[in-house]
1. Counting only residues that are surrounded by fewer than 19 Cβ atoms within 10 Å (Cβ to Cβ) and among the polar types (S, T, N, Q), which one in region 114-135 is farthest from GLY164 (Cα to Cα)?
2. If you scan region 47-67, which residues turn out to be surrounded by 12 or more Cβ atoms within 10 Å (Cβ to Cβ) and more than 21 Å from the chain's Cα centre (by Cα)?
3. Could you give every pair whose Cβ atoms fall below 8 Å, whose first residue belongs to region 40-66 and is under 30 Å from ALA78 (Cβ atoms), and whose second residue is in a loop (DSSP other than H, G, I, E, B) and among the charged types (D, E, K, R), counting only separations of at least 6 or pairs across chains?
4. If ASN167 passes every condition in (1) without any contact (Cβ under 8 Å) to a residue 12 or more places away in the chain; (2) within 15 Å of GLN179 (Cα to Cα); (3) of a type outside the set (Phe, Trp, Tyr) but one, which one does it miss?
5. Taking region 72-106 as the search range and keeping residues that are of a type in the set (Phe, Trp, Tyr) and touching a Leu at 6+ places or on another chain (Cβ under 8 Å), which one is surrounded by the most Cβ atoms within 10 Å (Cβ to Cβ)?
Amino acid sequence: MAGSPLGRILSIALLCMVTCASASAQINSAVGPVALSANLPSSLTVTATPGLVNFTLIPSGVSNGSTAISIKTSWSLATFISQLSLYAYFTSPASALADASGHNIPAANVSGSANGGGFGAFTGAGPFAATSSITIFSQFVLGFNIPQTRTDSLNLRINTTGLGLPNGNYSGLLVIQAQVI
């Protein structure tokens, strides 16, 4: 049959099939590795609203702030156990508020009430201000990188008793800052 025309056709067909099969065989390249890296960093944020609290001062007495400050603290920490604290403070104990002529309302004459608690003067020690701070909260945080949030309120008062302040516009800046240890 190999010499017959049908045999030759079958031989050529068989040869084509073997040749075509080897020509279309799978070829793999060397690997091209790509290293991946991901990081979920710790985060700690504080937002306070409103950004302005007004006072109508009286010559000798206590004046309440126009509104409470709502403070939102959010965190995701890369430690399992931490101490989280939130502080409110003035950068200058002698001058929490001042007028354009340099008359001052000291931090000791400003007080705050955190979450409806009693009012306390801004005379405490904290990590950001040695003698013009109050602690709004301090708590242990358990959990590795578990996002958490809490909201606190802070009411403010100014006591002008004994200051002998002249009429004028007084302004100052209260700083609210969190720390994790």
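Every read-out reported here was derived from the displayed coordinates using simple, explicitly stated rules and does not represent laboratory data. What you are looking at is a predicted structure, and each value in this text was computed from that prediction instead of being measured. Cβ: placed from backbone, ideal geometry, glycine included. Neighbour counts: every protein chain shown.
1. ASN115
2. VAL53, PHE55, LEU57, ILE58, SER60, VAL62, SER63, ASN64, GLY65, SER66, THR67
3. none
4. (2)
5. Taking region 72-106 as the starting set, the residues that turn out to be of a type in the set (Phe, Trp, Tyr) are 75, 80, 87, 89-90.
With the extra rule that they be touching a Leu at 6+ places or on another chain (Cβ under 8 Å), the set shrinks to 75, 80, 89-90.
Numbers: TRP75: 20, PHE80: 10, TYR89: 25, PHE90: 23.
Ranking the qualifying residues of region 72-106, first place goes to TYR89.
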